[in-house]
Amino acid sequence: MAKPLMAKIKLQVPGGQATPAPPVGPALGQHGVNIGEFVSRFNAQTHDANGMIIPVEISVYRDRSFDFITKSPPAAVLLKKMAKNTEGGEGIAQGAGEAGKQIVGSVTRAQLEEIAKTKMADLNASNLDAAVKMIAGTAKSMGLEVEE
C-alpha cells in the first residue's frame, strides 16, 4: 500500500550545492523532514550539474519520510549560459529589462535544439520542432535574437 502523502514541495536549488539555509531548510523544516538527509541525497544526485539551478519536487509522507524528483534546469538558465552576448562573448548575465525593445544577445537554431532535447521530458510538446518553438519564445522574451 502506498504511503499517505502529506505535502508536495517545489524548490529550485543549485545542483550539488544544496545547504540547510533558505530556501531548503525552512521549506522542509515546517514539514518535519530530515534536512541533512535531503541535502546529502540531493547533492549526491546532482553533483555533475554543479551550480546549475535544478528544480526539485519533494513528496513528504505522513511518517516524515520523503522522495524527490529532479527536473531539467529552467530554459531561461540554459539560454543565459549558451547565448552569445552583444560583445560576442559566451553567456549573458541576465535577460533584457524591456523585451522586444532591447537585445542582449543571440542564440542559434542548433543551440535551441540542444536545449529542447535537454528539456524534452519536462516540456508539454509533441515533437522536437514544437519544443524548439517553445524555447525560441522564451529566448525572445529574454531579449535574445534567434539566428537561423
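Quick notes on this structure:
- Mean Cβ count within 10 Å, highest first, over the residues of peptides 3-10, 36-43, 75-82: 75-82, 36-43, 3-10
- The average projected area of the stretch 5-70, computed from the convex hull of its Cα atoms over all directions, is 3.6 nm².
- Helical runs (DSSP H, four residues minimum) scored at -39500 (n - 2.57) apiece and divided by the length of the chain put the mean residue ellipticity at 222 nm at -10000 deg cm²/dmol.
- Using alpha-carbon coordinates, inclination of helix 35-45 to the longest axis of the chain, degrees: 40
- Neighbourhood charge, 10 Å Cβ-Cβ cut-off, centred on TYR61 and excluding it, Lys, Arg +1 and Asp, Glu -1: +1
- Basic side chains Lys and Arg get +1 at the Cβ, acidic Asp and Glu get -1 at the Cβ, and with that the dipole of the chain about its Cα centre reaches some 480 debye.
Quick note: the coordinates plus some simple rules give every number you see, no bench work behind them. Predicted model, so just to flag it, every value in this text is computed and none were measured. All Cβ positions, glycine included, derive from the backbone under ideal geometry; neighbour counts span all protein chains shown.
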